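Peer 1: Below is the structure I would like to discuss, written out as structure tokens.
The values are calculated or read from the model by the stated rules, or taken from the named source; none is laboratory data. Since the structure is predicted, the reported quantities are computational estimates derived from the model, not experimental observations. Quick reminder, even Gly has a Cβ in these numbers, built from the backbone with ideal geometry, and neighbours come from all protein chains shown. Surface accessibility is based on the protein's heavy atoms, side chains included, excluding ligands, DNA and RNA. Shrake-Rupley method; radii C 1.70, N 1.55, O 1.52, S 1.80 Å.
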Amino acid sequence: MAQSFANNDVAAAIDQCINQYFEQSFRDAAEIDSSYLNLWRALHKLLKAGGKRLRPQLTLMAYSAFGGNDTTSMLPIAAAQELLHVSLLIHDDVIDRDYVRHNTLNIAGTYKDVYAQYLPSTEDAVHFAHGAAILAGDLMLSGAHELISSSTVATAHKVAARKLLSRSVFEVAGGELLDTELSFVPYTDGDALKVARYKTAGYSFVNPLLTGAEIAGASKADLKLLQAFGLSLGIAYQLVDDLLGTFGEASATGKSTTSDITEGKRTFMIEQTLKKLSDSDKHLFYKGFGKQNATAHDINEVKRLIIAAGAKDKTQQMIKSYANKAQAALDTLNLAQKQHKDFSDLIRSVTERTY
């Protein structure tokens, strides 16, 4: 029987769906080896440690907004968006050499400690921990497709959902590669916004929204407007992330607020900084930026120069600009008053968040 959930029950319903998937995976992994079961338990622990379940909620929001009324059948498809997200976070943390996520050890961080008990070389422990994390990320990507397959929606709708999920992976891979290369390959002005578009906006906003709306039967015109809404909001979301990655509170964000600097990430804010710095200030800037051994003083100098260059303010202005673009696209969508308000509230929660 079709069932709908009140907004405050959506996250719980998504978690229940994900937990059921993990319970079966625990049983299957235990048949292979206890060490494999440990990896699955570490995955589940990481997933439960935090996350707002934004992407699956967007799928269900769009589904309901365009007339969908069988939320039970949609739950696995929505939950698949979260497994994809976890997969990408795990791999991103390996690339960024981060070992904490949601204020707890991530997969690489967990296995770095586990393997240190057996390997005298720290370098070897880190290497094999990264290997375990890569495998874990692969499992979550496979799991996303498996959840879609388990849904009871029509076959054509599953095909559409898989196609959009694959599109998410395709775009993120391009955005992630560009993001990684910008720390050492010559770049051009505007590359950081391209990264935001392909690394974040597509899989986090556009495709979850389109998945729900397309399955609900939204028109091509509405899908196009919804895509414009998701693109603008997704870029704003990434710009907020960039701000928080440097100026946020680690206790609130749940991850390092120095790794973006030490890894030399060429965010929009860094693009704007480098446009304004004098040669002498650039010398100070590069003492900390892109240096794994940067001291706390070096990192604080980088932050000071970002502010002095007006780049922090410029980033905040761009966030407002993209939020306004998202609102303009939303205002042209043919939505009921309640759904319009829900999406307007989403714009505010995304662009005004502190974590």
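Peer 1: Do you know which residues across region 79-118 are at pLDDT 95 or above, among the polar types (S, T, N, Q) and open to solvent by 20 Å² or more (accessible area, probe 1.4 Å)?
Peer 2: 110, 117
Peer 1: Moving to a separate point now. What about residue 186, is it closer than 22 Å to residue 138 by Cβ and not polar (S, T, N, Q)? Steps first, please.
Peer 2: Details: closer than 22 Å to residue 138 by Cβ: no; not polar (S, T, N, Q): yes.
Here the answer is no, as residue 186 does not meet what is asked.
Peer 1: Looking at region 214-233, I want the residues that are farther than 23 Å from residue 153 by Cα and have a partner that is surrounded by 22 or more Cβ atoms within 10 Å (Cβ to Cβ) and among the small types (Gly, Ala, Ser) with Cβ atoms under 6 Å, at least 6 apart or on another chain. Which pairs are those?
Peer 2: Matching pairs, first to second residue: 229/326; 231/201; 232/326; 233/326.
Peer 1: Further, regarding this structure: How about region 136-156: which of its residues are without any contact (Cβ under 8 Å) to a residue 60 or more places away in the chain and either open to solvent by 40 Å² or more (accessible area, probe 1.4 Å) or over 17 Å from the mean Cα position of the chain (by Cα) (or both)?
Peer 2: Passing the criteria: 138, 141, 142, 149, 154, 155, 156.
Peer 1: Filter region 323-350 for residues that are under 18 Å from residue 239 (Cβ atoms) and open to solvent by 30 Å² or more (accessible area, probe 1.4 Å); which is nearest to the chain's Cα centre (by Cα)?
Peer 2: Filtering first and then ranking leaves 349.
Peer 1: Name the residues in region 296-334 that are outside any helix (DSSP H, G or I) and either touching a Lys or Arg at 6+ places or on another chain (Cβ under 9 Å) or under 28 Å from residue 257 (Cβ atoms) (or both), would you?
Peer 2: 309, 310
Peer 1: Against the definition (closer than 23 Å to residue 149 by Cβ and open to solvent by 50 Å² or more (accessible area, probe 1.4 Å)), how does residue 122 come out, yes or no?
Peer 2: Values: closer than 23 Å to residue 149 by Cβ: no; open to solvent by 50 Å² or more (accessible area, probe 1.4 Å): yes.
No; evaluated as a whole, the condition is false for this residue.
Peer 1: In a loop (DSSP other than H, G, I, E, B), open to solvent by less than 60 Å² (accessible area, probe 1.4 Å) and not hydroxyl-bearing (Ser, Thr, Tyr), is that true of residue 265? Spell out the reasoning first.
Peer 2: Numbers: in a loop (DSSP other than H, G, I, E, B): yes; open to solvent by less than 60 Å² (accessible area, probe 1.4 Å): yes; not hydroxyl-bearing (Ser, Thr, Tyr): yes.
Yes, satisfied.
Peer 1: I've got another one for you. Quick one: is residue 188 among the polar types (S, T, N, Q) and surrounded by 24 or more Cβ atoms within 10 Å (Cβ to Cβ)?
Peer 2: no
Peer 1: A further question on this structure: Among (1) among the aliphatic types (A, V, I, L, M); (2) over 13 Å from residue 311 (Cβ atoms); (3) part of a helix (DSSP H, G or I), where does residue 239 come up short?
Peer 2: Unmet for residue 239, out of (1) among the aliphatic types (A, V, I, L, M); (2) over 13 Å from residue 311 (Cβ atoms); (3) part of a helix (DSSP H, G or I): (2).
Peer 1: Checking residue 355 against (1) modelled with pLDDT of 95 or more; (2) more than 27 Å from residue 220 (Cα to Cα): exactly one of these is not met. Which one?
Peer 2: Going through the list (1) modelled with pLDDT of 95 or more; (2) more than 27 Å from residue 220 (Cα to Cα), residue 355 breaks only (1).
Peer 1: Which one is nearest to residue 180 (Cα to Cα) among residues in region 59-78 that are open to solvent by 40 Å² or more (accessible area, probe 1.4 Å) and either of a type in the set (Ser, Thr, Tyr) or within 15 Å of the chain's Cα centre (by Cα) (or both)?
Peer 2: 64
Peer 1: I'd like the residue in region 113-167 that is β-branched (Val, Ile, Thr) and not in a helix (DSSP H, G or I) and, out of all such residues, is nearest to residue 207 (Cα to Cα). Before the answer, list the steps.
Peer 2: The initial filter retains those residues of region 113-167 that are β-branched (Val, Ile, Thr), namely 114, 122, 126, 134, 148, 152-153, 155, 159.
With not in a helix (DSSP H, G or I) added as a condition, the list becomes 152-153.
Values: 152: 20, 153: 18 Å.
Only one residue tops the list, namely 153.
Rundown of residues vs (1) over 30 Å from residue 61 (Cα atoms); (2) charged (D, E, K, R), yes/no style:
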site	(1), (2)
88	no, no
93	no, yes
96	yes, yes
110	yes, no
122	yes, no
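Peer 1: Could you list, in sequence order, all residues of region 1-47 that are open to solvent by 80 Å² or more (accessible area, probe 1.4 Å), at pLDDT below 95 and in a helix (DSSP H, G or I)?
Peer 2: Within region 1-47, 7, 8 qualify.
Peer 1: Can you name the residue in region 299-316 that is under 22 Å from the mean Cα position of the chain (by Cα) and not hydroxyl-bearing (Ser, Thr, Tyr) and is also least open to solvent (accessible area, probe 1.4 Å) among such residues?
Peer 2: Only one residue fits best here, namely 312.
Peer 1: Follow-up. Which number in (1) in contact (Cβ under 8 Å) with a residue 60 or more places away in the chain; (2) within 16 Å of the chain's Cα centre (by Cα); (3) crowded, with 20+ Cβ neighbours inside 10 Å marks the one condition that residue 175 misses?
Peer 2: (1)
Peer 1: Take the conditions buried (at least 16 other Cβ atoms within 10 Å of the Cβ), modelled with pLDDT of 95 or more and aliphatic (A, V, I, L, M) and apply them to residue 159. Does it pass?
Peer 2: no
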